[in-house]
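Colleague: After the structure tokens below, expect a handful of questions from me.
The values are calculated or read from the model by the stated rules, or taken from the named source; none is laboratory data. What you see is a predicted model; the values in this text were computed from it and never measured. So basically every Cβ, Gly included, is an ideal-geometry build from the backbone, and we count neighbours across all protein chains shown.
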Amino acid sequence: RDANEYRGLVEDCCCEYETVDHLNEEVLHPLLQDLVKTPFFRYFKVKLWCDCPFWPDDGMCRLRDCSVCECPENEFPESFKHPSNPILPSDDLMCQEGKPEAAVDRTLDRNAFRGWSETDNPWTNDDETDNAEMTYVNLQLNPERYTGYTGPSARRIWDAVYAENCPKYPSEELCQEERILYKLISGLHSSISVHIAADFLLDETKNEWGQNLTLLHDRVLRYPDRVRNLYFTFLFVLRAVTKAADYLEQASYDTGNPNEDLKAHSLMRQLLYNTKLQAACPIPFDEAKLWKGQNGPELKQKIQNQFRNISAIMDCVGCEKCRLWGKLQVLGLGTALKILFSVDGQENLLHTLQLQRNEVIALMNLLNRLSESVKLVQETGQSAEKMGLTS
Ligand code: FAD
């Protein structure tokens, strides 16, 4: 990473790059790493088969077999049972579940998931209420990493997310509010790319995994705006978490495992009321500046609809593990948007905010993913520089 490129304030935010790096390394990253391992935060409820509402004609996800593991044996095509079956087209797999690295492990501690509010999130598409379509996933067993999902199917998803919902902004033409949606998506995209590069299948025959610095450079470090958007998204989500501090502090992290639940609560408290964070970066992003003008409410509604569309597109991601993390992180962003924009004023937050358990899990896991990406970009960016990979 070119140090001069990332000096001063993160664009549209209230903290400097160096401060973010420092706080992340010293405070946020260690706390989040421990937090996401606790039972409360490691199980996520998700509808994993792809009910893709778009592209109905091309056969993609027409069958529920897209989520192979959820179907009874006799329901899914023979080809999916044998990953190396030559019937599968090689580089444009609609469903990638035949690949071991794309498959989701659903090992579950049933005690870990109970109750909480079930208020719908206006920013996302899924109906989160418990129903037979939901499955429960242990996120610790399903790290976000390289899965082999690539080609036209993956490209089409990103194109749809950008082109249909938040067209790339020719610098000043879009107002600040619309740029923010673009930056959130781009920041998330950067983070996903960083995780692919950080945990890559280097040698398929030896099943050897490790960092792929060239890929990190080619997809993220080479583009300063992608790095900037990653930092922006991190601060945006961090602001949502700290804004909801009192609500999150009073929430129940009960999973029937008193020691682990106390630990989750204590880690949350350390993060929410962290004195170093409050001193160095008290308001990571100032949402009060948005939706102010005459068109404010209209614009907010428009962006809310756009974000819901993005959330619906996640059902079309043709790789189960990518869909899992895509859905989780979009729900996390939707939860951040809900905290920042669906309740008026800080004072009312404690009384009017209602979060589902799954939203809190998504929010904190997203923050952890972004924190990991920021750390990796900072560290490996420096070593990529040393290796002469940056131009
Ligand atoms: P892509 O990453 O597909 O990018 C497409 C185009 O978008 C680029 O050519 C560029 O013009 C633009 N672009 C790229 N990055 C940015 C950015 N940060 N900001 C703005 N524009 C950008 N693959 C895995 O191996 N593991 C996963 O867990 C995984 N999760 C995924 C989750 C989702 C929701 C989606 C849609 C895809 C996922 N993929 C995953 C696939 C992965 O993101 C890539 O699409 C794939 O690796 C092919 O990469 P690519 O080089 O063609 O560029």
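Colleague: Do you know which of the residues in segment 143-186 that are modelled with pLDDT under 85 and basic (Lys, Arg) is nearest to the ligand (Cβ to nearest atom)?
Modeller: Checking each candidate, the answer is 168.
Colleague: Next question, about the same structure. For residues that are small (Gly, Ala, Ser) and touching a residue at least 60 places away in the same chain (Cβ under 8 Å), scanning just segment 294-322, find the one that is farthest from residue 9 (Cα to Cα).
Modeller: 318
Colleague: Something else: Is there any pair with a first residue in segment 180-201 that is on the phi > 0 side of the Ramachandran plot and in a helix (DSSP H, G or I) and a second that is more than 8 Å from the ligand (Cβ to nearest atom) and at pLDDT below 95 whose Cβ atoms are under 9 Å apart and which are 6 or more apart or on different chains, and what are they?
Modeller: Once the first residue is on the phi > 0 side of the Ramachandran plot and in a helix (DSSP H, G or I) and sits in segment 180-201, no partner that is more than 8 Å from the ligand (Cβ to nearest atom) and at pLDDT below 95 comes close enough.
Colleague: Still on this structure, please answer the following. What is the one condition in (1) free of Cβ contacts under 8 Å to residues at least 60 places away in the same chain; (2) under 21 Å from the mean Cα position of the chain (by Cα) that residue 243 does not satisfy?
Modeller: (1)
Let's see how each residue does on (1) within 9 Å of the ligand (Cβ to nearest atom); (2) of a type outside the set (Asp, Glu); (3) surrounded by fewer than 24 Cβ atoms within 10 Å (Cβ to Cβ); (4) farther than 30 Å from residue 287 by Cβ:
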{"site": "191", "(1), (2), (3), (4)": "yes, yes, no, no"}
{"site": "195", "(1), (2), (3), (4)": "yes, yes, yes, no"}
{"site": "208", "(1), (2), (3), (4)": "no, no, yes, yes"}
{"site": "219", "(1), (2), (3), (4)": "yes, yes, yes, no"}
{"site": "231", "(1), (2), (3), (4)": "no, yes, no, no"}
{"site": "234", "(1), (2), (3), (4)": "no, yes, no, no"}
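Colleague: OK, next. Looking at (1) more than 16 Å from the ligand (Cβ to nearest atom); (2) touching a strand residue (DSSP E or B) at 6+ places or on another chain (Cβ under 8 Å), can you tell me which one residue 269 breaks?
Modeller: Here residue 269 clears every test but (2).
Colleague: Any idea which of 255, 233, 205, 214 is within 19 Å of residue 365 (Cα to Cα) and either of a type in the set (Phe, Trp, Tyr) or out of contact with any Phe, Trp or Tyr (no Cβ under 6 Å at 6 or more places or on another chain) (or both)?
Modeller: Exactly one residue qualifies, and that residue is 233.
The rows are residues; the columns are (1) in contact with a Phe, Trp or Tyr (Cβ under 8 Å, 6 or more places away or on another chain); (2) of a type outside the set (A, V, I, L, M); (3) closer than 30 Å to residue 155 by Cβ.
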position: 298; (1), (2), (3): no, yes, no
position: 310; (1), (2), (3): no, no, yes
position: 315; (1), (2), (3): no, yes, yes
position: 341; (1), (2), (3): yes, yes, no
position: 361; (1), (2), (3): yes, no, yes
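Rundown of residues vs (1) modelled with pLDDT under 90; (2) crowded, with 22+ Cβ neighbours inside 10 Å; (3) touching a Gly at 6+ places or on another chain (Cβ under 6 Å), yes/no style:
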position	(1), (2), (3)
12	yes, no, no
19	no, no, no
22	no, no, no
25	no, no, no
28	no, yes, no
34	no, no, no
43	yes, yes, no
58	yes, no, no
